[in-house]
Every structure is written in C-alpha cells, then in structure tokens.
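Worksheet: one structure, shown below.
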Amino acid sequence: MEYVGFHAVALMKDRYESPLNSRYASSQMQELFSPDRKFRTWRKLWIALAEAEKELGLPISQEQIDELKTNQDNINYDVAAREEALVRHDVMAHVHAYGEQCPQAKGIIHLGATSCYVGDNTDLILMSEGLDMIRNQLIAVIARLADFADKYKSLPTLGFTHFQPAQLVTVGKRATLWMQELLLDLEDLDHVRDGLKLLGSKGTTGTQASFLSLFDNNHEKVKKLDQLIADKLGFSGVYAVSGQTYSRKIDSRVLNVLAGIAQSAAKFSNDMRLLQHLKEVEEPFESGQIGSSAMAYKRNPMRSERIASLARYVIADAQNAAMTSSAQWFERTLDDSANKRISVPEAFLATDAILTIYLNIAGGMVVYPRVIEKRIRAELPFMATENIMMAATKAGGDRQELHERIRQHSMAAGARVKQEGLDNDLLERIAADPAFNLKLDELDQMLDPSAYVGRSPEQVSEFLEELIRPLLEQEKNNLNISDELKV
C-alpha cells in the first residue's frame, strides 16, 4: 500500500473530494485537521510520555528521547502505510514506523499506553486549537459589525415583526442584534475551551493499571505522570476519571458551541437575504460576479445563502456527537471512531468557512438610504397616527371621534395602496378632514423618521462602549483574519 499525500490526493479528480477542502474552509483549518498534524501530534505525545516516565525514574535515557525528538516531524508515511496494511491498526503501524527511525528508542515508544493515549489526547489538542482559531474569527466578525453599527446607528429604517412593518429602528441597531448573538456564542466558546483538559495516561479501562505496574505500585508517581504530560502539552490538567477514552460528551459540548455559532450566522444570513430582496442592504457583489446563468441582471445573495447552507450542515452535524455520546458502553466501545473522524473535523471546517464568509459580508455591506427612506415614507403615516391624533386633540378635537376618523382614513389609504397600487395618501386625507384642524405641512413635520426610532442610537452607542469596545481592545492583536473567499 502506497501512502498518498494530501496535495497529491487534491489533484486527483476521479474520486470524491470534500467541498469543505476544495471550496470553503481555510488552509489553516484544513492543516489543523490534516493527517500530518495528527501524526506529528502523536509523536509529540510519545515524546511527552517518554520524558515524563524518565523524570519519574523509569530507565529511559536522554539519548533515546533526543532520537525521538530528532525524528518527530520526519514521518515515514510509506512505512506506516505498509505496516497498517498488515496489522490493520493505525497506531501500532505508526509505532512501528517511528521505531524504524529510532532504533535506540524503539523499545520505549508508547510504553504503558493504549491507542487512546495518542488518539484521544490528540483530538483534545486539535479541538482546543480549533476553538482558538474559531474564537479569533468570531471576534473579527464582531469588530466589523461594530464598525457598521456605529456608522449607521442613527439611520432610521423600517422595523419588522412577523416581516410586517412595525415601529422604526435604525440600521445600526439591527446590527447590534447580530452582535448580541455572537457575544453569547463567545461566552459559550470560552466556557467550553477553558474547561478542556487532556485524557492523560489512563490505560485500558481508565484505571492506570499498566502504569501502576511500571512504577512498582507507586500511586503518587502514576498520578504525577498525568500532570507532567498535561504540563508538557500546555494543558492545566487531565480529566480526573475516565474509561479508556475521554467522555464523548466533551465532543458534544464542543460541537454544540459550533452549532450555536452556525445558528447565529444563519440568522444574520436570513436577515441579509431579506434585506437584499428589499434592496435596502446588499452583501458585496464584485464587478465580474454573475448572479444567474439565465438572468444577467440578477444580484443573488449567494454569500448569505452559502452561510445558511453550511450552517444547516453544522447544526445537523452536532447531532452526530450527541448520538455518539449517548451510545457509549461502559469503559469503551469503538462505534464512535469512524463517526468522530468525520463529524468533528468537518464541524470545524464548516464553521471556519461560515465565519470567513460572514467576515467578508460584514466588511462590505452596502446600504441604500434612499430605498430605506422611500419604504419608511410609505409606512410612517400609519405609525404616526397616534401622534397626529394627540395633536388634533390638543387643537380642540374629540379624541374618540378622531380615533374613528383615523381608522376610516387608514383603511381607505391602505386599500388604495394594496388594491390600486397607488401611493399612501393618508396625510392628504387627514389634512382635508376639518375635524383634525391640521394643515399638510404641519402633518409633514410630524413625520421626521428620527422621532420614531426610540433609543436606537443611544442603545447602539451604549452597547458598543460597554460591551464591544472593551472586548476588541483586549483582543486587538487577534483581529487580522483573512476574509478571502475561494469561490
């Protein structure tokens, strides 16, 4: 069996290739979950184990450890592939391959460990690094939305409930709703990321029996072994108890965080698709971009649609981890392995892609104030009726009579708009009704949109000052994230 490297596989067009690699995910996230990163991490873990065992008194020489370190990144994949074809065991194949390169250290590689020592600890290391990468992307998106919200914090726009015209908000205030959800995701991510630990060296059923034998029943040394390994790999500690594997509920917690981010991004993408339909706000559209193969004039919101599509995948994928967690038997069962090899990396790759697209859109949204104003003007007379009624009452009118007259005029104006396709003439109707004793220019003065946005501008400013800017100042060195799209 010949080992074929990732780049060679990428050039083979006669076999399936994940679109997450070829079209969507960043090269950084692909590298993190690549076979090469996995196997180099295995070797890092074998070195950490050997060093810890030496420090605790086992007969392991510095020359053996130096030999392991010399060959840590020089993986002989051809030997590993040939051996795995014989033994049908990936870990033992790589133990054998590493041993061929390190004849002095061959006998102490993987000493006392099970396959899960390298497999599970590597998964935890990669998920930890993956969450760090996702975190940086998440904050970068928040930063771009913050700029957008600040720029448009006072621009009135029609608010919707049930996608029906409601009270006015501002374009910037709407953006804070998107940011609020991302802040919740960041809280969840930090909680899960900060709680990640290593499996450590727990043995076949989690009892550390093999290590207890190696250390002549010295419980303190066996306990110390776990902490030394965690220290060498940059973790605060290990899970106190386990079976052969770490609890698969941890995978579920991690994928739930990613699914939460996907939910927030999908909500944003749905809003953007509706806004683009209304021609109020558009996602970036490049000069040479084609919206439709048939209708050359179209400007489809393809980036937002891609977010929605990938988000659906991540949300569904989180169920893989949930079902796997619930299906584990006693101290170990292998029905998790094939699933998590796919579900965990692909959840990270897809979330990475989602946030890259989100970042791209957030940095290039185009707002059309005149379209927004036109839509406001079509609806605002209805929303202003309470103010009009109060002004007419102050001028000597009867409140109850005015209420009924406004109701009748509103129904007539609404019918004119819906049935005849004409402009809203509610103000003209009211100005012509002597019961209101108001002139048309007086009514026009009541239709300043900024008077109907409530505290929207103030809410944006307070939200940015109190929550967003302190976060961005703290993370200012982590905001240089690429938003380049592959397709």
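The values are calculated or read from the model by the stated rules, or taken from the named source; none is laboratory data. None of the values given here were measured: they were computed from a predicted structure. Virtual Cβ from ideal backbone geometry, glycine too; neighbours counted across all protein chains shown.
Any idea which of Ala415, Ala451, Ala432 is within 46 Å of the chain's Cα centre (by Cα), surrounded by fewer than 13 Cβ atoms within 10 Å (Cβ to Cβ) and within 29 Å of Glu386 (Cα to Cα)? Within the list Ala415, Ala451, Ala432, the selection yields Ala415.
Sub-6 Å Cβ pairs linking a first residue in region 1-24 that is within 17 Å of Asp36 (Cβ to Cβ) to a second residue that is surrounded by fewer than 12 Cβ atoms within 10 Å (Cβ to Cβ) and modelled with pLDDT under 80, at least 6 apart or interchain, number zero.
Residue by residue, here is whether (1) among the β-branched types (Val, Ile, Thr); (2) at pLDDT 95 or above; (3) in contact with a strand residue (DSSP E or B) (Cβ under 9 Å, 6 or more places away or on another chain) holds:
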position	(1), (2), (3)
Ser247	no, yes, no
Asn256	no, yes, no
Ala262	no, yes, no
Leu274	no, yes, yes
His277	no, yes, no
Ser287	no, no, no
Ala294	no, no, no
Ala308	no, yes, no
Ser326	no, yes, no
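Checking Leu126, Leu58 one by one, the residue that is at pLDDT 95 or above, in contact with a helix residue (DSSP H, G or I) (Cβ under 7 Å, 6 or more places away or on another chain), closer than 22 Å to Arg193 by Cβ and surrounded by fewer than 20 Cβ atoms within 10 Å (Cβ to Cβ) is Leu126 and no other. Every test in (1) farther than 30 Å from Ile430 by Cα; (2) part of a helix (DSSP H, G or I) is passed by Gln328 save one, and that test is (2). Applying the criterion of being hydrophobic (A, V, I, L, M, F, W, C) and not in a helix (DSSP H, G or I) to the residues of region 458-487, the residue that is farthest from Asn21 (Cα to Cα) is Leu479. Close contacts from region 281-307, counting a first residue that is among the aliphatic types (A, V, I, L, M) and a second that is in a loop (DSSP other than H, G, I, E, B) and at pLDDT 55 or above, with Cβ to Cβ under 7 Å and a gap of 6+ residues or different chains, come to Val281/Met365.
Just one of Tyr358, Tyr368 is closer than 30 Å to Leu440 by Cα and at pLDDT 95 or above; which is it?
Tyr368
Within the set Leu349, Leu402, the sole residue that is modelled with pLDDT of 95 or more, buried (at least 18 other Cβ atoms within 10 Å of the Cβ) and among the hydrophobic types (A, V, I, L, M, F, W, C) turns out to be Leu349.
Name every residue in region 421-430 that is charged (D, E, K, R) and in a loop (DSSP other than H, G, I, E, B), in order of residue number.
Answer for region 421-430, where residues must be charged (D, E, K, R) and in a loop (DSSP other than H, G, I, E, B): Asp423, Asp425.
Checking each residue in region 184-242 for being among the hydrophobic types (A, V, I, L, M, F, W, C), assigned to a loop (DSSP other than H, G, I, E, B) and within 37 Å of the chain's Cα centre (by Cα) picks out Leu196, Leu199, Leu233, Phe235, Ala240, Val241.
Exactly one residue among Leu196, Leu228, Leu184, Leu275 is more than 22 Å from Gly57 (Cα to Cα) and crowded, with 19+ Cβ neighbours inside 10 Å, and that residue is Leu275. Looking at the structure I just gave you, is Phe148 of a type in the set (Phe, Trp, Tyr) and either touching a Gly at 6+ places or on another chain (Cβ under 9 Å) or part of a helix (DSSP H, G or I) (or both)? When the stated conditions are applied, Phe148 passes them. The residues on offer are Ala25, Ala10, and the sole one that is outside the structural domain of Gly203 (by TED's automatic domain parsing) and at pLDDT below 95 is Ala10.
Please work out if Asp433 is at pLDDT below 85 and either over 22 Å from Arg399 (Cβ atoms) or in a loop (DSSP other than H, G, I, E, B) (or both). Answer is no for this residue.
On the stretch given as region 151-183, residues that are among the aliphatic types (A, V, I, L, M) and in a loop (DSSP other than H, G, I, E, B) total 1.
The C-beta contact set for region 244-262 (first residue surrounded by fewer than 22 Cβ atoms within 10 Å (Cβ to Cβ), second residue aromatic (Phe, Trp, Tyr), distance under 9 angstrom, 6+ apart or interchain) comprises Ser247/Tyr239.
All conditions in (1) surrounded by fewer than 18 Cβ atoms within 10 Å (Cβ to Cβ); (2) touching a residue at least 24 places away in the same chain (Cβ under 8 Å); (3) within 16 Å of the chain's Cα centre (by Cα) hold for Ala140, with the sole exception of (1).
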